[in-house]
Amino acid sequence: MTRLKRADRPYDIVLFGATGFVGTLTAEYLAAHAPRGLRWAIAGRSETKLRRLRERLPGGAEIGVLVADVADPASLRRLAEHARVVATTVGPYVTYGEELVAACADTGADYLDLTGEPEFVDLMYVRHDARARETGA
């Protein structure tokens, strides 16, 4: 698999964990500062909370909503298949992050988080770097 083009996925960025404290701040920032034409979505466990957040965001009607849960690897894979980049605020990452990293590595989506957890970074590199390189993630 090679690096995917813009048209190959419905969203440029999917923000996972959008209804948490940091996720909401990140969603608000993206809504206010995203470049024109950016295709993005918010994601998390509760569709109700995600839709409420979207209603409060500038340009909310244009923002997608995806439901996914760290306890459901298939939902994380579907999320990753919809995005060129997955940004997550769901931590602690060493506890909740690996399934999303694996999904991104397998589907060729770029992965982004704000971890300060060196153990997580080391483990993800050891476990998923080779696959991510194969898929272009």
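The values are calculated or read from the model by the stated rules, or taken from the named source; none is laboratory data. Fair warning: this is a prediction, and the values are worked out from it, not measured in the lab. We place every Cβ from the backbone using ideal geometry, glycine too, and count neighbours over all the protein chains shown. Surface accessibility is based on the protein's heavy atoms, side chains included, excluding ligands, DNA and RNA. Shrake-Rupley method; radii C 1.70, N 1.55, O 1.52, S 1.80 Å.
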Among residues of the range 87-96, those that are in a loop (DSSP other than H, G, I, E, B) and either under 11 Å from the mean Cα position of the chain (by Cα) or more than 20 Å from Pro118 (Cα to Cα) (or both), counted: 2
Inter-residue pairs, beta-carbon under 6 Å, first aromatic (Phe, Trp, Tyr) and in the range 87-108, second crowded, with 22+ Cβ neighbours inside 10 Å, 6+ apart: Tyr96/Val90
Which listed residue, of Leu100, Leu112, is outside any loop (DSSP other than H, G, I, E, B) and surrounded by 16 or more Cβ atoms within 10 Å (Cβ to Cβ): Leu100
Selection within the range 41-86 - closer than 19 Å to Glu28 by Cα, touching a Ser or Thr at 6+ places or on another chain (Cβ under 7 Å), open to solvent by less than 60 Å² (accessible area, probe 1.4 Å) and not in a loop (DSSP other than H, G, I, E, B): Gly44, Leu50, Leu53
Residue within the range 47-65 that is touching a Phe, Trp or Tyr at 6+ places or on another chain (Cβ under 8 Å), more than 20 Å from Arg127 (Cβ to Cβ) and modelled with pLDDT of 95 or more present: yes
Condition check for Thr26: touching a residue at least 40 places away in the same chain (Cβ under 8 Å), farther than 24 Å from Arg127 by Cβ and either open to solvent by less than 50 Å² (accessible area, probe 1.4 Å) or of a type outside the set (Phe, Trp, Tyr) (or both): yes
